[in-house]
Amino acid sequence: MTDLQTPVRPTVGAPPTSLAYAAYERIRDRLIMLDIRPGEPIHDGRLADSLGFGRTPVREALKRLETDHLVVSYPRRGTFATPVDVTELGSISDLRQQLEPFAAHRAATAATDAMRAELRAMAARVRGLDASGDDRPTLMRLDLSVHRMIYRATGNKHLEDVLIRYDNLATRIWCLVVDKLPDLASHISEHAQLLDAIADGDAERAERLTREHVDGFATEIRRVL
């Protein structure tokens, strides 16, 4: 996976909308992983330089990130990374407990053959995590990739966008307490069975495993808060 700290060199002649979306993805993931700390001021010029983009795509990206509740802008004060409010865990979990199992069920029935091959490859990858020795940031980014792959497999862009937004907010809370969790790799490796179920078209099993995973995530976070 690309290192989020490495500047991207935009493609020469790429349309502004493409640059803005690329900037959006890069800044979004820095905010999710708390590489940009909650409450930290965001200077668009310095951020543009660090990412290898111009100011215009970065400014457009920041506008979109405000609708995602990842940044907030104040008149005459500037733009800041939003605080991480752990009291929102319950509300976020309520939504995820409804939407994530539905998405897993839909992915199991709607995924293309090519998508099912990707899901099986990801399942094989996460099965090897116990002995991988990967650091926590790498594992967290892998977890994001697993979730986003499942959302993409639904074939429903609107559902995908909503799920990504709430998974991002949940992951920010997770990042606050990740050092208190004893075995992050095992938590992520739980996804292997879910990925297999989706790839095999077993919608009921995929739905059940997802519900168990979302419930377990909320319980584990509450335990260490």
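Laid out as a table, the results:
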read-out	value
On Cα atoms only, tilt of 16-32 relative to the major axis of the chain in degrees	70
Kirkwood estimate for the chain, i.e. one over the average of 1/r between Cα atoms, Å	18.4
C-alpha long axis of helix 113-127 to longest principal axis of the chain, angle in °	90
Directionally averaged shadow of the stretch 114-175, computed from the convex hull of its alpha-carbon atoms, nm²	4.4
Formal net charge of residues neighbouring Ala114 (Cβ-Cβ distance under 12 Å; K, R +1; D, E -1)	+1
Approximate spin-label separation Thr112-Asp183, in nm, with each point projected 7 Å along Cα-to-Cβ	3.8
Surface per residue (accessible, 1.4 Å probe) for the chain, Å²	50
The stretch 88-130 versus the stretch 154-225: alpha-carbon centroid distance in Å	7
The stretch 153-193 shape via C-alpha gyration tensor axes, a/c threshold 1.5	oblate
Residue with peak Gaussian network fluctuation, the chain [Cα springs, cutoff 10 Å], from Pro75, Pro137, Pro41	Pro75
Carbon plus sulfur fraction of accessible area for the stretch 127-198, probe 1.4 Å, in percent	49
Under 13 Å, Cβ to Cβ, from Asn168 - net charge with Lys/Arg +1 and Asp/Glu -1	0
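The values are calculated or read from the model by the stated rules, or taken from the named source; none is laboratory data. As the structure is a prediction and not an experimental result, all values here were calculated from the model. Methodologically, a virtual Cβ is constructed for each residue, glycine included, from the backbone with ideal geometry; neighbour enumeration extends over all protein chains shown. Side chains included, ligands, DNA and RNA excluded: accessible areas come from the protein's heavy atoms. Shrake-Rupley method; radii C 1.70, N 1.55, O 1.52, S 1.80 Å.
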